[in-house]
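The values are calculated or read from the model by the stated rules, or taken from the named source; none is laboratory data. Just so we're clear, the structure is a prediction, and the values are computed from it rather than from any experiment. Quick reminder, even Gly has a Cβ in these numbers, built from the backbone with ideal geometry, and neighbours come from all protein chains shown.
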C-alpha cells in the first residue's frame, strides 16, 4: 500500500507535469517539446536495432543520435526550401491550387442551392479576402507558435539536444534517484509513450489514407475519363494534412472536393462518395490504431482539440491528441478508467 507521504508527492508530481505542459504551450515552446520527444523516441528505437547487431547500448545511442540529428537538420533545411518553393510556385504550388479551387467555385456555384451559395466565395478575390481575414484574426496565435522561423528552428534544435541527452542518460543504472525524481521520471515516460502512440500511429493512418487517395485520383478517376489537375500536389497535401488528426482530413477533403468540382459535377459527387466511404473505413482504422491504445473515440479527440484551440490557439490543436492521451494514461495508471 502506498504511504500517505509518497501518495501526496505522486499527486503533486502529476499536477506539476500538467501545469508544465500547459505552460509550454503558453510560452510557445511546443516545437521544442515535440522535437525533444521525437528525438528521444527515435534514439530509443534505433538503439534497439543497433543492439541486434551487437552494438553496445551506449555506443548505439551515440550513433543513433548522430545519424538522426544529421537527417533531421537536413530535413528542416530541405523542408523550408520546398515549402517556400511550393508557396511561390506558379504551376503546381499554393497559389495555383488556390486559383483552381476558386475557379471551381466560380464555375459551378450556380448548380448549388441558394442557401449554400451565400456561404461560398464567388471568385479568387473573395477567397483571398476570406483567407486574409482569417490570418488577421489569428495573427496573434500564429505569432505565438513561432515569432519567426529562426526562433522556431532554435527551439527545435534545443529540444533535439535535450531529447538526445535524456535518451542517452535514460538507461543508466548507476545513478540512484530519490523519490521525487523517480516519480517525475515516470511522468516523462508516460508522456513519451503517449507521444509515440499518437504520432507514429497518425503517420500510419495518414500513409494509408494517402494510398487510398492516390489510387482513387490516379486509377479509379481515369477509368471514368476524369483527369484531376495537380495530382502530385493533392497527394502531398493529403499526407501532410493527414498527420493532424480530424482537422487534417477536413483540409485535404476540402481540397479534393473543390478540385473535383472544377472538373465536373459528377467528379465532385464521385469524390464526395469516395471520401464518405473512406472516412467510414477510417473510423475502424482509428479505433484499431489509436483508439485501442488510449481508449479514445474520434469525438473525444475532436472535443479535446476544440477545447485546446479555444485556450491556446493553433498550437493547442497540435498538442491536444498527445496531451489527451497522456491524461488518459495518468488516469489509467491510477485505475480511474
| message | Looking at the structure I just gave you, is residue 53 out of contact with any helix residue (DSSP H, G or I) (no Cβ under 7 Å at 6 or more places or on another chain), modelled with pLDDT of 75 or more and within 16 Å of residue 323 (Cα to Cα)? | response | no
| request: Kindly indicate the residue of the stretch 224-235 that is without any contact (Cβ under 8 Å) to a residue 40 or more places away in the chain and part of a helix (DSSP H, G or I) and also farthest from the chain's Cα centre (by Cα) among those meeting that condition. | output: 231
| message | Taking the condition of being loosely packed, with under 15 Cβ neighbours inside 10 Å and either at pLDDT 85 or above or farther than 16 Å from residue 319 by Cα (or both), how many residues in the stretch 189-211 meet it? | response | 4
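Looking at residue 234, is it farther than 30 Å from residue 77 by Cβ and either modelled with pLDDT of 80 or more or surrounded by fewer than 18 Cβ atoms within 10 Å (Cβ to Cβ) (or both)?
Working: farther than 30 Å from residue 77 by Cβ: no; either modelled with pLDDT of 80 or more or surrounded by fewer than 18 Cβ atoms within 10 Å (Cβ to Cβ) (or both): yes.
Against the criterion (farther than 30 Å from residue 77 by Cβ and either modelled with pLDDT of 80 or more or surrounded by fewer than 18 Cβ atoms within 10 Å (Cβ to Cβ) (or both)), residue 234 does not qualify.
Would it be correct to say that residue 221 is at pLDDT 80 or above, part of a helix (DSSP H, G or I) and crowded, with 16+ Cβ neighbours inside 10 Å?
Yes; evaluated as a whole, the condition is true for this residue.
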| query | List the pairs whose first member sits in the stretch 46-75 and is at positive phi and crowded, with 18+ Cβ neighbours inside 10 Å, whose second member is modelled with pLDDT of 80 or more and outside any helix (DSSP H, G or I), and whose Cβ atoms are under 8 Å apart, counting only residues at least 6 apart or on separate chains? | reply | none
| said: Which numbered condition in (1) modelled with pLDDT of 80 or more; (2) surrounded by fewer than 18 Cβ atoms within 10 Å (Cβ to Cβ) is the only one that residue 251 fails? | reply: (1)
